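Structure first, then comments.
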Amino acid sequence: MDSLSPSASAPRLPAPRPRSALASVLLAALALPGCAGSAVAPAEPKPAELPAPPDAGASPAPAVPPPRPAPPSPSSGCGRPPAGAGEKVARAGKLQTPYLLTLPPGYDGKTPVPLAFAFHGRTRSHTLLHGGDASRLAEELGSRYAVAYVKSIGAGYDQPKEQRDNLQLFDALYPELLAKYCIDSEQVFALGHSSGGLFAEVLGCERSALLRGIAAVAGARVEAECRGGGAAQLIHGERDSVVSVSRGRHALAQFARASGCSEESAAIGAASCVRYTGCQASAPVEWCPHGEPTYQDTNHGWPSFASAEIARFFGSLERVPHAGGTSLLQNESFDGGSEPWQVSFGGKARGSFAVKKGALCATLDKSSENPWDAQVQQVELKLEPGRPYVIDFRLWTSAPSDVRVKLGLGAAPYSEYWMQSVATTSEPRRVTDRLVLTETPPGTLAFGFQFAGPYARSVPLTLCVDEVSLTPAP
């Protein structure tokens, strides 16, 4: 029987948010005996008010364009000779550990498939997780997903040094798998049991940009905040004598707060799961308490429904759709060359650019002091104050680097209204965000990617961008 390290003590619950008291309401309501559904009884509804009659002479409101489905995002491993499955070794510097990779039937190296990382409990192993600790996971996920069952460095994942080492290993294994296998880079997940469930929660908070979602069985993340957050399904025994259910609820409150969920929930799936309402559409949060007498009646093991519910949850997490409507940016997919995009190199920076395989790629051969000395941008943009906009793009670089993405005035004083620093690798990464201008800009705006100065970790460096849009949100 695995157990978490005894040094990881039960945390003090986080203070509630002033407006919704989310953390305390979630934790208190879920602790009620037999409570597995909505956290708070609904208030008595108020009588509905009749809407005012429409103005007969008014024009009907324009229809809101529906979101556009996002196609698969093939990793760089697509199209290469298919690599095999089986027992392998992951390496990161001086660290190394075995892992078992399984591939779905019919994998051909050309069609992108989802990828799931699976992490075992403390003192257990990757082969035990595949062989039986995670009952029916191989059947439920393995038939459609590539699954990497990873052996921990150390006995588990909950000690600080163990977390540091295993994060370093994950950061090396993630791009390696996407480079060797044909993976849909927007359909990468993490899951785990006990100590491995804690690590899946850590990844959900600290590597959320790389993952579509996580699932944790009897996990116990104890940090006070979840910096990233994303889609999460947490499964926990209500009388778990190894990892207290209060620790599972603590992690639940973190993910729910990060996603902006309300305290209300509704039943979902075939087990005891509930999904909270009000969460970000791309980051649903589910809680699945249970009472199965697993692991010698400790209520700590992998319940019989877990694999099927994890497969359902992951399957519900589609690629984030593109915003409907017309983008303010022209030639967002570079199908007709590079115009009207501008590529510039200033100061001491030197480089070149070209459209390659439907992406605009700029190569920095000699860097300079300022980020903006090498940039790809589109100018003469006009945005309305108070209106929300959706920013959406894919980018990658020839080597690990950073890119400064910004929206600001196209002329002096170059005031900026939105900026994000994006860590990049050779794997295409999709980034989406929303913005609202709070004031009227004194001129037209420019949206661009800057990658010189301190952002260029090495030179020469090639930056590629594709599917770039800036769309008014409904």
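The values are calculated or read from the model by the stated rules, or taken from the named source; none is laboratory data. Given the structure is predicted, the values throughout are model-derived calculations rather than measurements. Cβ coordinates were reconstructed from backbone atoms using ideal geometry, including for glycine residues, and neighbour counts include every protein chain displayed.
Structure data summary
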item: Subset of the stretch 91-123 that is small (G, A, S) and either over 25 Å from the mean Cα position of the chain (by Cα) or more than 27 Å from G315 (Cα to Cα) (or both) - its residue that is surrounded by the most Cβ atoms within 10 Å (Cβ to Cβ); result: A92
item: Selection within the stretch 272-288 - touching a helix residue (DSSP H, G or I) at 6+ places or on another chain (Cβ under 7 Å), outside any loop (DSSP other than H, G, I, E, B) and not β-branched (V, I, T); result: Y276, E286, W287, C288
item: Selection within the stretch 206-253 - polar (S, T, N, Q) and without any contact (Cβ under 8 Å) to a residue 60 or more places away in the chain; result: S208, S241
item: Close pairs (7 angstrom Cβ cut-off, 6 or more residues apart or separate chains): in contact (Cβ under 8 Å) with a residue 24 or more places away in the chain in the stretch 347-370, surrounded by fewer than 17 Cβ atoms within 10 Å (Cβ to Cβ) and of a type in the set (S, T, Y) anywhere; result: G358/S333; L360/S338; T363/S352
item: Selection within the stretch 392-402 - buried (at least 21 other Cβ atoms within 10 Å of the Cβ) and either within 21 Å of Q330 (Cβ to Cβ) or not assigned by TED's automatic domain parsing to the domain that holds P454 (or both); result: D392, F393, L395
item: Residue in the stretch 345-352 that is in the same structural domain as W418 (by TED's automatic domain parsing), under 26 Å from A209 (Cβ atoms) and not small (G, A, S) present; result: no
item: Residue check for A267: in contact with an Asp or Glu (Cβ under 9 Å, 6 or more places away or on another chain) and farther than 30 Å from F353 by Cα; result: no
item: Per-region count, the stretch 328-376, residues of a type in the set (S, T, Y) and assigned to a loop (DSSP other than H, G, I, E, B); result: 4
item: Filter result (in a loop (DSSP other than H, G, I, E, B), among the hydroxyl-bearing types (S, T, Y) and buried (at least 19 other Cβ atoms within 10 Å of the Cβ)) within the stretch 135-189; result: Y145, S152, Y157, Y181
item: Filter result for T363 (among the hydroxyl-bearing types (S, T, Y), modelled with pLDDT under 95 and more than 25 Å from the chain's Cα centre (by Cα)); result: no
item: Hey, P66 outside the structural domain of G156 (by TED's automatic domain parsing) and surrounded by fewer than 16 Cβ atoms within 10 Å (Cβ to Cβ) or not; result: yes
item: Wholly enclosed strands (runs of 3 or more DSSP E) of the stretch 420-474 bearing at least 2 residues crowded, with 22+ Cβ neighbours inside 10 Å and outside the structural domain of A172 (by TED's automatic domain parsing); result: 445-450, 461-472
item: Long-range neighbours under 6 Å by Cβ, at least six apart or interchain, first residue in contact (Cβ under 8 Å) with a residue 40 or more places away in the chain and of a type outside the set (S, T, N, Q) within the stretch 126-153, second crowded, with 24+ Cβ neighbours inside 10 Å and assigned to a helix (DSSP H, G or I); result: Y149/L129; I153/N166
item: Selection status of E201, under 26 Å from P303 (Cβ atoms), touching a residue at least 12 places away in the same chain (Cβ under 8 Å), touching a helix residue (DSSP H, G or I) at 6+ places or on another chain (Cβ under 6 Å) and surrounded by fewer than 24 Cβ atoms within 10 Å (Cβ to Cβ); result: no
item: Test: residue in the stretch 171-186 that is touching a residue at least 12 places away in the same chain (Cβ under 8 Å), in the same structural domain as L210 (by TED's automatic domain parsing), touching a Leu at 6+ places or on another chain (Cβ under 7 Å) and not aliphatic (A, V, I, L, M); result: yes
item: Residue that is nearest to S401 (Cα to Cα) [pool: residues in the stretch 353-370 that are basic (K, R) and exposed (fewer than 15 other Cβ atoms within 10 Å of the Cβ)]; result: K356
item: Single match in E223, E201, E162, E176 (criterion: of a type in the set (D, E) and closer than 21 Å to P284 by Cβ); result: E201
item: Residues located in the stretch 115-134, provided they are of a type outside the set (A, V, I, L, M, F, W, C) and either in contact with a Pro (Cβ under 9 Å, 6 or more places away or on another chain) or part of a loop (DSSP other than H, G, I, E, B) (or both); result: H120, G121, R122, T123, R124, S125, H126, T127
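Residues checked against (1) without any contact (Cβ under 8 Å) to a residue 12 or more places away in the chain; (2) within 19 Å of the chain's Cα centre (by Cα):
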residue: D402; (1), (2): no, yes
residue: L409; (1), (2): no, no
residue: Y414; (1), (2): yes, no
residue: T424; (1), (2): no, yes
residue: R429; (1), (2): no, yes
residue: T432; (1), (2): no, yes
residue: L437; (1), (2): no, no
